[in-house]
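The values are calculated or read from the model by the stated rules, or taken from the named source; none is laboratory data. Quantities reported herein were computed from a predicted structural model and do not represent experimental measurements. Cβ coordinates were reconstructed from backbone atoms using ideal geometry, including for glycine residues, and neighbour counts include every protein chain displayed.
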Amino acid sequence: MIRLAERGLRAVLLDIEGTTTPIAFVHEALFPYARAHLRAFLDTHWRSAEVAEVRRQLAVERDRDLARGEAPPRVTMGNDDRAIASLVAYIEWLMNLDRNSPGLKLLQGLIWEDGYRAGALRGQVFDDVPAAIREWRAAGVDVAIYSSGSELAQRLLFQSTEHGDLTPLIGAFFDTAIGAKTEPGSYARIATAMKTSPAEILFVSDVAAELTAAREAGLSVVLSRRPGNPPQLVTALETIATFDEIR
Ligand SMILES: [Mg+2]
């Protein structure tokens, strides 16, 4: 049991995948949805400002792929069918390689937004999550999210859970725009943004490397062991199985 007040903790920073949400939701619902609706989304929104930004980012990233000596599919300029099909091929190449691509993440967020708005997608959290967050908030503890999914994707997930809209309970959403989850500097910047000292923040994640980075930045950390999480090679980390263990 982690008693926040006794440890001088005033904020809880939560990872999503494997912490608030089953890893399976991301891999078995979100990713397949984005892949299945990729072509239709681009057909519908091709001339939107959002897709223009996605194309701009992906063009930069593709140049980087080439500079690294890789062979990404060729992307054709223009607005015709061939241009769309070539971009789809490049995006599917990124998806197949599970690339950590900002342009891809931006696009996935847009496709999911459509899906959430249409009611085809619903955010999933473990059953203990809403009550725990409410309890922490009632005790004056701040709650924030730090996930590799885009801030938009995070908001959509927490807005549409079967327990209702949880976003009013969450003070801030951080994505990798603030830095990688395995770099201590990211956690220092988050603490600054939360106007809270690192020592007053508890970071909960299922990935030991993220917890190590957070601890290096001075945060308190706890490993989340949820059903479906891959085992972590850890020796000296405190662990929880549900948020009921954080009071
Ligand atoms: Mg995770």
(message) Condition check: under 14 Å from the mean Cα position of the chain (by Cα), at negative phi and either in a helix (DSSP H, G or I) or among the basic types (Lys, Arg) (or both). Does Gly109 satisfy that?
(response) yes
(request) Out of Thr21, Thr76, Thr44, report the one residue that is among the β-branched types (Val, Ile, Thr) and within 16 Å of the ligand (Cβ to nearest atom). (result) Thr21
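Hey, any hits in the stretch 138-154 for a residue that's surrounded by 15 or more Cβ atoms within 10 Å (Cβ to Cβ), over 24 Å from Leu121 (Cβ atoms) and of a type outside the set (Phe, Trp, Tyr)?
Scanning the stretch 138-154, I find at least one residue that is surrounded by 15 or more Cβ atoms within 10 Å (Cβ to Cβ), over 24 Å from Leu121 (Cβ atoms) and of a type outside the set (Phe, Trp, Tyr), so the answer is yes.
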(request) Determine if the stretch 221-234 includes at least one residue that is outside any strand (DSSP E or B), more than 14 Å from the ligand (Cβ to nearest atom), in contact with a Ser or Thr (Cβ under 9 Å, 6 or more places away or on another chain) and modelled with pLDDT of 95 or more. (result) no
(message) What pairs come out if I take residues in the stretch 77-100 that are touching a residue at least 24 places away in the same chain (Cβ under 8 Å) and among the charged types (D, E, K, R) and pair them with residues that are surrounded by fewer than 16 Cβ atoms within 10 Å (Cβ to Cβ) and in a helix (DSSP H, G or I) whose C-beta lies under 7 Å away, six or more apart or interchain?
(response) none
(request) Determine which member of the set Ser186, Ser220, Ser197, Ser205 is in contact with an Asp or Glu (Cβ under 7 Å, 6 or more places away or on another chain) and polar (S, T, N, Q). (result) Ser205
(message) Going through Asp175, Asp165 one at a time, which residue ends up being of a type in the set (Asp, Glu) and within 15 Å of the ligand (Cβ to nearest atom)?
(response) Asp175
(message) Suppose the filter is surrounded by 13 or more Cβ atoms within 10 Å (Cβ to Cβ), within 19 Å of the chain's Cα centre (by Cα), among the aliphatic types (A, V, I, L, M) and not assigned by TED's automatic domain parsing to the domain that holds Met77; does Ile2 pass it?
(response) no
(message) Let me confirm something: among Gly179, Gly228, which residue is closer than 27 Å to Gln124 by Cα, free of Cβ contacts under 8 Å to residues at least 12 places away in the same chain and in the same structural domain as Ile145 (by TED's automatic domain parsing)?
(response) Gly179
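Here is a yes/no grid of residues against (1) surrounded by fewer than 21 Cβ atoms within 10 Å (Cβ to Cβ); (2) out of contact with any helix residue (DSSP H, G or I) (no Cβ under 8 Å at 6 or more places or on another chain):
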residue	(1), (2)
Gly164	yes, no
Gly171	yes, yes
Ala177	yes, no
Ala180	yes, no
Pro184	yes, no
Ser197	yes, no
Ser205	no, no
Thr212	yes, yes
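Taking the residues in the stretch 196-212 that are of a type in the set (Val, Ile, Thr) and away from the ligand (no atom under 15 Å from the Cβ) as candidates, determine which candidate is nearest to Pro184 (Cα to Cα).
Ranking the candidates gives Ile201 first.
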